[in-house]
Amino acid sequence: MELPNYLCPVLKDNHGRTINYLRLAVTDRCNLRCFYCMPEQGNNWLARTELLSWEEMLRLCRLTIGMGVNKIRITGGEPFVRKGIMPFLSELSQIKGLDNLTITTNGVVTAPLVPELKQMGIRSVNLSLDTLDRDRFLAITHRDEFDKVIETMHALISHRIEVKINAVVMDGKNTQDIPALVALTKELPVSVRFIEEMPFNGGGQHYQTLLWDHMQILQTIKNSHPKIAKIPDPQYSTSYNYKIPGHKGDVGIIAAYTRSFCGTCNRIRLTPQGVLKTCLYDNGGTNLKDILRSGANDEAVSSAIVAALATKAIDGHEAERTTYADGAHQSMAMIGG
């Protein structure tokens, strides 16, 4: 069947970059309170009516897939705290043209769902885990759920779902955990990715300099593993990837604050309230939920997406300068972390 003329097999931004990856945040809520993601007391949670409905999300996913998106990552908040997530994932996984459906989760309630995720065809899951120390886990997340996260990690491995462990590196909080997290890759087939901390806790935190940038993280790993070697990065990779001889897994470093990977950016984001973000560091601007609820047809929604990409910043630094001049940022949970 021929595609409608408002759909295009290759979606590009104003800098000629191909956009084929959608990060969809399905909720702003989370069952942890990681201080780098949101204020300790939590956010001013959105009312259910302010969130995209499952039907609206499926419509937008079908539309963007028709426009060239072939990878979708489901994020939150914590996606598995929203009721109805599993039927949604099942229906989403069956949309023709979606080649890669992945999920980011904190793992607290995920372990029992792993067999069903495997059955749906989920091949990769990003698991947030900043420390292997129970006390530091409690200090960072304000919740005593360490065992459940580890249970999820092992459940994913046993079902042969690729596991990428995301660890945010925070000065004075968990830098001593870098060697232990790297050690996971010796016997487990996991990719441990260390992420530069970003100013997205909703409190206006802003760095003039970042002590633990990607070079400092790499040097710390080299101190105990001097034979660590660079390996090729996949296309569109946001991480610099490394292998330690004899280890089953590998290590990645994501320069999320330094933003050295923007030149190959291939992604767009949808917040839980339907705001289209063309960069993590911008403040959005196109509310697709409002457009949908105004009665717009697919052509009008598609045109709004194309128009938003026509103003995409060249990199995260430009986006931040033009939209967050005062240094205040939303919390990560509100924008799809």
Output for region 16-74, where each listed residue is touching a Pro at 6+ places or on another chain (Cβ under 8 Å) and assigned to a strand (DSSP E or B): Ala25
I'd like the full set of residues that are open to solvent by less than 30 Å² (accessible area, probe 1.4 Å) and touching a Ser or Thr at 6+ places or on another chain (Cβ under 9 Å), limited to region 156-174. Leu156, Ile161, Val163, Ile165, Asn166, Ala167, Val168, Val169, Asn174
Residue within region 44-67 that is open to solvent by less than 30 Å² (accessible area, probe 1.4 Å), touching a helix residue (DSSP H, G or I) at 6+ places or on another chain (Cβ under 9 Å), β-branched (Val, Ile, Thr) and farther than 17 Å from Asn287 by Cβ present: no
So Val108 clears everything in (1) open to solvent by 30 Å² or more (accessible area, probe 1.4 Å); (2) more than 19 Å from Lys277 (Cβ to Cβ) except one condition, right? Which one? (1)
Residue satisfying condition, being modelled with pLDDT of 85 or more and either among the acidic types (Asp, Glu) or open to solvent by 30 Å² or more (accessible area, probe 1.4 Å) (or both), within set Ala255, Ala229, Ala304: Ala229
Answer yes or no: is there a residue in region 42-56 that is at pLDDT below 95, β-branched (Val, Ile, Thr) and either out of contact with any Asp or Glu (no Cβ under 8 Å at 6 or more places or on another chain) or under 13 Å from Leu270 (Cβ atoms) (or both). yes
Could you list, in sequence order, all residues of region 78-124 that are more than 21 Å from Arg267 (Cα to Cα), of a type in the set (D, E, K, R) and in contact with a Lys or Arg (Cβ under 9 Å, 6 or more places away or on another chain)? Arg82, Lys118
Filter region 97-141 down to the residues that are within 19 Å of Leu181 (Cβ to Cβ) and in contact with a strand residue (DSSP E or B) (Cβ under 6 Å, 6 or more places away or on another chain) and list them by number. Thr104, Asn106, Gly107, Ser124, Val125, Asn126, Leu127, Ser128, Leu129, Asp130
Would you say Gly246 is open to solvent by less than 30 Å² (accessible area, probe 1.4 Å) and either in a loop (DSSP other than H, G, I, E, B) or under 20 Å from Arg73 (Cβ atoms) (or both)? no
Residue that is nearest to the chain's Cα centre (by Cα), among those in region 113-149 that are free of Cβ contacts under 8 Å to residues at least 24 places away in the same chain and surrounded by fewer than 21 Cβ atoms within 10 Å (Cβ to Cβ): Phe146
Of these, Thr102, Thr152, which one is more than 22 Å from Ile291 (Cβ to Cβ), assigned to a strand (DSSP E or B) and among the hydroxyl-bearing types (Ser, Thr, Tyr)? Thr102
Subset of region 175-192 (residues that are open to solvent by 10 Å² or more (accessible area, probe 1.4 Å), assigned to a helix (DSSP H, G or I) and of a type outside the set (Gly, Ala, Ser)): Thr175, Gln176, Pro179, Leu184, Lys186, Glu187
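The values are calculated or read from the model by the stated rules, or taken from the named source; none is laboratory data. Because the structure is a prediction, the values reported are computed rather than measured. Note that each Cβ is placed from the backbone with ideal geometry, even for glycine, and that neighbours are counted across all protein chains shown. Keep in mind that these areas ignore ligands, DNA and RNA; they rest on the heavy atoms of the full protein, side chains included. Shrake-Rupley method; radii C 1.70, N 1.55, O 1.52, S 1.80 Å.
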